[in-house]
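Trainee: Take a look at this one; I'll ask things after.
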Amino acid sequence: MFGFGDAQDNYNEIQNAPEEHKAKFSHELLAGGASFAAFKAFEDHQRNEGKPVSHQFAKELLAGFAGAEVDKLAEGTGRNWVDKEEREHAHRKARENAEQMYTNHYQGGDANREGEWHPDNQAPDQIQDTFGRY
């Protein structure tokens, strides 16, 4: 099961790798790092909005952020998407990872069982550890 720890590790590996290794990252690694960055973008967006959103709408937002982050990370690593299928797989995997992370965080533990995102909810620890506290 893919989780925040995996995503954080993927993101950190991409950010900290020497330039000469970045073009060789697998689409799985890019998808993992992108899902982590997408979750951060989602948290930032929603905290700026300050309004609760449904689980379904949150998943739609995450899907958009995940696709954008895959492209951004791939571009930043010099990745040339020769294979359209590989690019689509990275997008799909990043979206699935981000949705799974959302469900695990916002429907587990003491979180709202409906999976609604609310500004009073704490962001995942790994997000706050990497990017700072809200």
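Trainee: Just one of the numbered conditions (1) at pLDDT below 85; (2) part of a helix (DSSP H, G or I); (3) small (Gly, Ala, Ser) is not true of residue 111; which one?
Mentor: Tallying (1) at pLDDT below 85; (2) part of a helix (DSSP H, G or I); (3) small (Gly, Ala, Ser), residue 111 fails exactly one: (2).
Trainee: Right, here's the next one. Looking only at residues in region 122-133 that are at pLDDT 80 or above and outside any helix (DSSP H, G or I), which one is nearest to residue 7 (Cα to Cα)?
Mentor: 124
Trainee: Can you tell me which residue among 7, 37 is without any contact (Cβ under 8 Å) to a residue 40 or more places away in the chain and small (Gly, Ala, Ser)?
Mentor: 37
Trainee: Can you run down the residue pairs with Cβ atoms below 7 Å, 6 or more apart or on separate chains, where the first is in region 116-134 and in contact (Cβ under 8 Å) with a residue 40 or more places away in the chain and the partner is of a type in the set (Lys, Arg) and in a helix (DSSP H, G or I)?
Mentor: Qualifying pairs under 7 Å: 119/47; 127/40; 131/40; 134/47.
Trainee: Return only the number of the condition from (1) surrounded by 19 or more Cβ atoms within 10 Å (Cβ to Cβ); (2) over 16 Å from residue 126 (Cβ atoms); (3) small (Gly, Ala, Ser) that residue 35 does not satisfy.
Mentor: Going through the list (1) surrounded by 19 or more Cβ atoms within 10 Å (Cβ to Cβ); (2) over 16 Å from residue 126 (Cβ atoms); (3) small (Gly, Ala, Ser), residue 35 breaks only (2).
Trainee: Here is a follow-up. Based on this model, can you work out whether residue 27 counts as at pLDDT below 85, under 21 Å from residue 128 (Cβ atoms) and under 16 Å from the mean Cα position of the chain (by Cα)?
Mentor: no
Trainee: Now for a separate question. Determine whether region 87-107 contains at least one residue that is at pLDDT below 80 and loosely packed, with under 15 Cβ neighbours inside 10 Å.
Mentor: There is at least one residue in region 87-107 that is at pLDDT below 80 and loosely packed, with under 15 Cβ neighbours inside 10 Å.
Trainee: Which members of region 18-34 meet the condition of being small (Gly, Ala, Ser) and touching a residue at least 24 places away in the same chain (Cβ under 8 Å)?
Mentor: Selection gives 23, 31, 32, 33, 34.
Trainee: Here's something else I'd like to know. Does region 1-50 hold any residues that are assigned to a helix (DSSP H, G or I) and of a type in the set (Ser, Thr, Tyr), and which are they?
Mentor: Initially, region 1-50 is screened for residues assigned to a helix (DSSP H, G or I), giving 4-16, 19-22, 27-49.
Selection gives 11, 35.
Trainee: Looking for whichever is more than 21 Å from residue 133 (Cβ to Cβ) and modelled with pLDDT of 85 or more here; the options are 63, 38. Which one fits? Show your work before the answer.
Mentor: Details: 38 fails: more than 21 Å from residue 133 (Cβ to Cβ).
Only one candidate passes the filter, namely 63.
The values are calculated or read from the model by the stated rules, or taken from the named source; none is laboratory data. All figures in this text were calculated on a predicted structure; none of them were measured in a lab. With ideal geometry, Cβ positions are generated from the backbone for all residues, glycine too; neighbour counts draw on all protein chains shown.
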